[in-house]
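Take a look at the structure set out below.
The values are calculated or read from the model by the stated rules, or taken from the named source; none is laboratory data. Because the structure is a prediction, the values reported are computed rather than measured. Accessible surface areas use protein heavy atoms only, side chains included; no ligands, DNA or RNA. Shrake-Rupley method; radii C 1.70, N 1.55, O 1.52, S 1.80 Å.
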Amino acid sequence: MGIFDDAKDKAGDARSKAKDSVGNVSDRLKDSERDTDKSRDAGGEFRDRTEDMRDRAQDRMENMRDDQRTNPEDYRH
């Protein structure tokens, strides 16, 4: 029965290695998903800041136009 015991041990070792490998892949996938979520969050924050900057710039331009209409003498060269 020694041959069968050896085969059984080798099969058990292979099964353990396969489980470890699947666990490693699963961990890497979770890490990748977490990194993707972080990137997506950072992208959203960047987009929000960009929109805020654009809105502020547009407000400044509108204020300047309004000021030019109400005080044209201040803008003559």
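Just a few scattered comments:
- Residues that are among the hydrophobic types (A, V, I, L, M, F, W, C) and assigned to a helix (DSSP H, G or I) within the stretch 1-48 comprise Ile3, Phe4, Ala7, Ala11, Ala14, Ala18, Val22, Val25, Leu29, Ala42, Phe46, listed in sequence order.
- Exclusive hit being polar (S, T, N, Q), open to solvent by 80 Å² or more (accessible area, probe 1.4 Å) and modelled with pLDDT of 85 or more, set Thr36, Thr70: Thr70
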